[in-house]
């Protein structure tokens, strides 16, 4: 059968095939197409991270890769106890003074004056919300009714005993209160008992938010 192509053309075709095969061989040898050692194409190979790109371990229990930074510690005798509280010593004192003054006003009564005069002494130390309910019969109103009926003139006295609980802007004190009472027949000390008095920060001062017998109110869960 006669050749369909001239001999010269056939030689050029063969040379072209040889060049093409050589090119593919070089391409494969340089990792072309991501072919692995078994001849199966796979994902691009990952390069190792540089020294500045080392990842921290995702396991929270893993060891750190940086030197530790120990926190400074304080000896027991040098601990700043007041620094653990959200209030300064001056703020505790001011809050306690407000609670003490409120208990003293509660125990101070002159039956010859109006009940409004009695309540006003406490209202000036209370929050607006609590001032509105002071005269209720289950609050200071009950004590006024009892003492005015006895025609009593009484001087209140009080002492802060302890801090029961505190929050970010409130403190509850346990306060012992007395009402040194004089009636038409006798003069005697009336021990009013212990009260839980909660004061809150109201602007730059403190105001009474709650006032109850110590065994009934403000144990910290309210």
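Throughout, read-outs are computed from the coordinates displayed, never taken from laboratory work. Note that this is a predicted model, so its numbers are computed, not measured. Counting neighbours? That spans all protein chains shown, and the Cβs are built from the backbone with ideal geometry, glycine included.
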Pair residue 194, residue 150: separation of 7 Å Cα→Cβ label points (nm) | 2.3
With a point put 7 Å past each Cα toward its Cβ, work out how far residue 215 is from residue 71 in nm, to one decimal.
-> 4.2
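By per-residue mean of other Cβ atoms within 10 Å, what is the highest-first order of 110-117, 144-151? Write down the numbers at each step before the final one.
Numbers: 110-117: 12.0, 144-151: 14.8.
Output ranking for 110-117, 144-151: 144-151, 110-117.
Multiply the residue separation of residue 91 and residue 163 by 0.36 nm, subtract the distance between their alpha-carbon atoms, and state the gained length in nm to one decimal. If you can, show how the numbers build up before the last one.
Working: separation 72, 0.36 × 72 = 25.92 nm, distance 1.30 nm.
Fully extending the segment from residue 91 to residue 163 adds 24.6 nm.
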Per the Cα gyration tensor, segment 90-213 corresponds to an equivalent ellipsoid with semi-axes, largest first in Å, of 26, 15, 11
